[in-house]
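Read the structure below first, then the notes.
The values are calculated or read from the model by the stated rules, or taken from the named source; none is laboratory data. On a predicted model such as this, the values are computed, not experimentally measured, just so you know. For neighbour counting, all protein chains shown are included, and Cβ atoms are generated from backbone atoms with ideal geometry for every residue, glycine included. What goes into the accessible areas is simple: the full protein's heavy atoms, side chains included, and nothing from ligands, DNA or RNA. Shrake-Rupley method; radii C 1.70, N 1.55, O 1.52, S 1.80 Å.
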Amino acid sequence: MPAATEPVLIAATAEPPSVERRIVGADDPGIAEQLYDIDNALSARFFDSLVQAEWRKEAVPHAQVVLRGPVDEAALQLLDAAPLQVEVVIVTDGPTWDESNAVLLSLIDRLRADDTTGPIGGHYDEVEGVYSVSYVAPGPIDPDALAGLTGGATVELWYGGSEVPPDSGPQ
């Protein structure tokens, strides 16, 4: 069976996380190195709030910082003073990293129980509230087998076919 090019969606039964978005910093689009400096400063001082910092070449503003609330006012002041324009996204609810990781592990365990012997990978998008899991198996899994494992969040299942890629390394 050929690999799917589109995911099978398990639709959400719960509301996605609440997010707050704002544009801060200078009007200058800046350069990626400036975002890396901001990321380092946030990581050093506000590690528990920082989800990610991303340079998005095709988006405006190019710099995006995702924080998990509640956010320390000093972190927001650091971003307000940024030498480039930054989209700040604050996730105010949804699962913690530990909780989303536990859900991912339960999804992977369930896939493994269906003779999924190839590579499995996944992540949780905190902003969209979506779990994304890719896997290689003898055949696609029935999405209903995973539907109850996410607390109602959306799941994208990416079936990668039945062949283990030659460069996938040891399992």
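Write down the accessible area per residue of the stretch 1-130 in Å², having rolled a 1.4 Å probe over the full set of protein chains. Write out the running numbers ahead of the final one.
Values: 7550 Å² over 130 residues.
Ligands and nucleic acids excluded, the result is 58 Å² per residue.
Probe radius 1.4 Å, ligands and nucleic acids ignored: give me the carbon and sulfur share of the accessible area of the stretch 11-102 as a rounded percent.
Ligands and nucleic acids excluded, carbon and sulfur reach 50 percent.
In cubic angstrom, how much convex hull volume per residue do the alpha carbon atoms of the stretch 55-171 span?
With only Cα atoms used, the stretch 55-171 gives 144 Å³ per residue.
Any idea which of Ser100, Phe46, Ala26 is furthest toward the positive side of the dipole for the chain, if Lys and Arg beta-carbons carry +1 and Asp and Glu beta-carbons -1?
Selected residue: Ser100.
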